[in-house]
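Readers should treat all values here as calculations from the given coordinates under stated rules, not as data from a laboratory. Computed from a predicted model, the values in this text were never measured in an experiment. Heads up, the Cβs are rebuilt from the backbone with ideal geometry, glycines too, and the neighbour counts pull from every protein chain shown.
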There are 2 protein chains.
Amino acid sequence: MSGLSGYRGPSAKILTEAGASIGDVLEVQTGGESVTGTLVPRYEHNDDSHIVIKLKNGYNVGISVEKVSKVVRVAKGEAPKFVTPEKVASKGLPRVSILGTGGTIASRVDYRTGAVSPATTAEELYSLFPELSGIASITPEIVLSVYSENLEPKHWETIAKRVSEVVAEGVSGIILTMGTDTMGYTAAALSFALRGLPVPLFIVGSQRSSDRPSSDAFLNLIGAATMAVQADFAGVYVVMHADSSDERLAVHLGTRVRKNHTSARDAFESMGVEPVGYWSRQGIQVTEREAPPPRGEAEGFAAMPNFDPRVALVKFYPSMPDGYLGAILGSGLRGVVFEGTGLGHINSKNIDQVKKFVNGGGVVCMTSQCLWGRVDMNVYDTGRDLLKAGVVPLEDMLPETALAKLMWALANCKSADETRAVMQENLAGEITPRSVQRR
Amino acid sequence: MSGLSGYRGPSAKILTEAGASIGDVLEVQTGGESVTGTLVPRYEHNDDSHIVIKLKNGYNVGISVEKVSKVVRVAKGEAPKFVTPEKVASKGLPRVSILGTGGTIASRVDYRTGAVSPATTAEELYSLFPELSGIASITPEIVLSVYSENLEPKHWETIAKRVSEVVAEGVSGIILTMGTDTMGYTAAALSFALRGLPVPLFIVGSQRSSDRPSSDAFLNLIGAATMAVQADFAGVYVVMHADSSDERLAVHLGTRVRKNHTSARDAFESMGVEPVGYWSRQGIQVTEREAPPPRGEAEGFAAMPNFDPRVALVKFYPSMPDGYLGAILGSGLRGVVFEGTGLGHINSKNIDQVKKFVNGGGVVCMTSQCLWGRVDMNVYDTGRDLLKAGVVPLEDMLPETALAKLMWALANCKSADETRAVMQENLAGEITPRSVQRR
């Protein structure tokens, strides 16, 4: 690695004038402000107009050369010694697979265009997150490159199948990186498709790009990698910031997690239950709830990766126009998950349409748009009428989880009756026993 | 009022044997348990098999005569002296209007059938809640009798019109009692229809029947009545339990409140903001946020009670089947509110359909299914494409509030462009200034 690796043109010029080399501690002054940190090498090949400084907290910041008034070399540093994948492998560390699907974690930022591109090799990952090379022998791989809002059941299938293969190859754990928009849906879907998974799979994402100073990517990835090696439990979990500090991660059960904020680092929350545990640099702290399943043998594990996408999630609201529900139910669906009001209701005028759909072989399930608490359809007339029409009450199952489960159940059950029965079974923690219900 | 007013048959027999009269303190033994409280008169005419006891905490409990092993008269009491409406009126207390729409607050329970029926006269209300007679001169009235899940925009119109009339008659405040299922939607709808309301309107409900021991109706109604007299602010609010204790109520702005639990007393929460205030028997405590509007003059106030129900609230989810969104958009709608993912996204494959709907004169708005935080459609490609397609981003407006507002705006604006502009204006606190955003 040369003295100013990756810097060209204006950025190389200003750094050369300051006598700076990669690894030096620099104070970069811009107008009234200044940033102090370690000069890191560039990988973005089209950008010669930014200087990238690694701050004390581990995050990188890119500073436009145009704005720089002065660069002062505060201390002579050593060029960082990036560890090669071969060297990491030779250490005998446990193997951890990172499956990339798109999204902003483990990405580089082109500071000129703002574009992010995924890190695709172990070498790049170790250079972005040097700490990883001391934790595990990482095998990164891009499985998909899809925005989270564009992920569909066919992508869940692709992921589940690849996870099966990776498990058979023998890994200590798996990290799935993805955009956060539909992470809750994916976590639920994989919880059913990968029942009996013998290792832990941690889904991580980032609310901000991994190469930006305020990113949460760094800690999420380090925590997930550490747990992939150390955790004594298996299964599908979402690992994201537990609070607004940058110190503690929450480990959420894949079937009970929801994105509850558009932009906060701690957007993800366990619904109605405690998170399975928390991670910080002090270790894993498992909460007092039902113990997560222990690790198992890779042999004998088989995914059930199929989903039937012909299912709708319908949030009920006052005065759903007459044509609306009919249009939905007539659009070739095999199943509907309602987000009803309160204990599980829709307008009683719509019940006949629902009955007709059920009588025609459709499966209709009821959850609540309240999101916390359980549906109880025996309290009021409307609920009882819906039960009589064949609607399946889903206790405290999250609507998003119910959608993924119904797509999975329809693809794997032989009849509507079997599907209805499976929907009411607690397969992956999606129905909370009252003893551990928190709110 | 006779010695055993309202009791007949088996219930009268067992009470007569015990020498009990209305107002006596009784210990009623049932198998291994016993209940002690004051014998209250019955109003339910078809039930001769229950004894109703008022507990110390103010709640009534009905005990089936079949289960009673013994009744012991613990103390001689005085038959409660119910205050007549004439007497209350003569005290010169401020007038408060209670508008009933159905739901379980201010109801009597028929303990035999479990059915609840609303209290329809001031006399009944004063007998159910004697404390009310010391607070205000109450005028109760049944405006509607509809389950909350069956409430529609046409009902919102009926309520808004009646509120206008009541305001013109001169009242200190208005209490609207209703079922809780769609209370958030109604509160939002009335916030727009009753902009400039010169008195406070408190929407109250009960998560459990008002004549049952665990009911929250009592405190909700007493608090709302007290504030209807004492509060120095006007506008539309939801008043429900602030926590699981039975001591403190939260006053939620009508546009920022959501039912977040299927059954808990404190199911209602202000979203992204502090409640406007709290009420307890110690008084009203206004929180430090934007001050609510002060009371005004009844003269000059005019409601805008119309709503156009041709609007859908569509929660986006992964793999919305191709026919689904088309079916919705083709079902005669004038507007759609999306609950998008994250910062305000839907699958990019659906954007063309949205564009077509907008080009055909439809209004499409974007909120987030995250429920907390703001949409920001400038961050990612998908958001920018949706903006280009004409989708209106609604900041942190709640999806339910956006639905009611769009129904209201379409009924009151002259064009789609005007509607879009109105949707982005903060008319009733539905868009939170960043300075008071809490989460």
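Projecting label points 7 angstrom from Cα along Cα→Cβ for A:GLU247 and B:SER64 puts them 5.7 nm apart. Would you work out if the range A:311-435 is rounded, prolate or oblate? Take a ≥ b ≥ c from the square roots of the eigenvalues of the alpha-carbon gyration tensor; rounded if a/c is under 1.5, else prolate when a/b is larger than b/c, oblate otherwise. It is oblate, given that a/c is not under 1.5 and a/b is not larger than b/c.
Put simply, the amide H of B:SER368, placed in the peptide plane, has neighbours under 5 Å in B:GLY340, leaving out anything fewer than 5 places away on its chain.
Test of understanding: in a Gaussian network model of chain A with alpha carbons linked when under 10 Å, which of A:VAL363, A:VAL257, A:VAL379 would top the mean-square fluctuation ranking? Residue with maximal mean-square fluctuation among A:VAL363, A:VAL257, A:VAL379: A:VAL379.
Remark: mean inter-chain Cβ contacts per residue of A:305-318 equal 6, using a 10 Å Cβ-Cβ cutoff to other protein chain atoms.
Most tightly packed first, judged by the mean number of other beta-carbon atoms within 10 Å of their residues, the peptides A:404-413, B:152-161 read A:404-413, B:152-161. Converting phi to 3J(HN,Hα) with the Karplus coefficients 6.51, -1.76 and 1.60 and the offset θ = phi - 60°, the range B:279-284 yields 10, 9, 5, 7, x, 8 Hz in sequence order, with x at every glycine or proline. Note on the protein assembly as shown: the alpha carbon radius of gyration divided by the globular reference 2.2 N^0.38 Å gives 1.07. Projecting each Cα onto the charge dipole of the range B:128-264 (Lys/Arg +1, Asp/Glu -1 at the beta carbon, about the Cα centre), which of B:ALA168, B:THR158, B:SER191 comes out farthest on the positive side? So the residue we want is B:SER191. On the beta carbon distance between B:ALA89 and B:ARG295, with R0 = 35 Å, the FRET formula returns roughly 0.95. Grouping the Cα pair distances of the range B:9-75 into 5 Å bins from zero gives a pair-distance distribution of 4, 19, 33, 29, 13, 2 percent in increasing distance order. Look at the stretch A:139-152: the mean tally of other chain Cβ atoms within 10 Å of its residues' Cβ atoms is 3. For B:TYR7, the amide hydrogen comes within under 5 Å of the amide hydrogens of B:ARG42, counting only partners 5 or more places away or on other chains and with H modelled in the peptide plane.
Give me the dipole magnitude in Debye, nearest 20, for chain B about the Cα centre, with unit charges on the beta carbon: positive for Lys and Arg, negative for Asp and Glu. Numbers along the way, then the final one.
Working: 44 positive and 48 negative charges, 34 e Å.
In total the dipole reaches around 160 debye.
Among the listed pairs A:LYS349/A:LYS405; B:LYS315/B:LYS356; A:LYS56/A:LYS76; A:LYS259/B:LYS356, those whose Cα-Cα separation exceeds 23 Å are A:LYS349/A:LYS405; A:LYS259/B:LYS356. The magnitude of the dipole of the protein assembly as shown, with charges of +1 and -1 set on the Cβ of Lys/Arg and Asp/Glu and taken from the Cα centre, is near 0 debye.
Estimated from helical segments only, the mean residue ellipticity of the protein assembly as shown at 222 nm is -7500 deg cm²/dmol, where each DSSP H run of four or more residues counts as -39500 (n - 2.57). Inter-chain Cβ neighbour count for A:345-351, averaged per residue, equals 3 (cutoff 10 Å, partner chain atoms only).
Taking amide hydrogens as placed 1.01 Å from N in the peptide plane, the amide H of B:VAL337 sits under 5 Å from those of B:ALA312, B:LEU313, B:VAL314, B:CYS365, each at least 5 positions away in sequence or on another chain. A:PRO293 label point (Cα plus 7 Å toward Cβ) to equivalent points in the other copies: 5.7 nm, shortest first. Convex hull volume per residue, computed on the Cα atoms of the range B:353-402, equals 74 Å³.
Under the convention that each Lys and Arg Cβ holds +1 and each Asp and Glu Cβ holds -1, the size of the dipole of the range A:142-261 around its Cα centre is about 260 debye. Placing unit charges on each Cβ (+1 for Lys and Arg, -1 for Asp and Glu) gives the range B:201-352 a dipole about its Cα centre, and among B:SER348, B:GLY277, B:ALA231 the Cα reaching farthest toward its positive end belongs to B:SER348.
A cut-off under 10 angstrom between Cβ atoms defines the neighbours of B:ALA242, and their net charge, with Lys, Arg +1 and Asp, Glu -1, is -2. Packing order of peptides A:395-402, A:127-134, B:184-191, highest average first: B:184-191, A:395-402, A:127-134 (average count of other Cβ atoms within 10 Å over each peptide's residues). Over chain A, the fraction of Cα-Cα pairs per 10 Å bin, rounded to whole percents and listed from the shortest bin up, is 4, 20, 27, 21, 14, 9, 4, 1, 0.
Each other copy places its own label point for A:VAL72 at 8.7 nm from this one, sorted shortest first, where the point lies 7 Å along the Cα-to-beta carbon line.
3J(HN,Hα) couplings calculated from phi for the range A:128-134 with the Karplus curve 6.51 cos²θ - 1.76 cosθ + 1.60 (θ = phi - 60°) are, in sequence order, 6, 10, x, 4, 4, 5, x Hz; Gly and Pro show x. In straight-distance terms, cross-link reach from A:LYS414 covers every one of the aspartates and glutamates whose alpha-carbon lies under 19 Å from its own, apart from those fewer than eight places away in the same chain; here that gives A:ASP308, A:GLU425.
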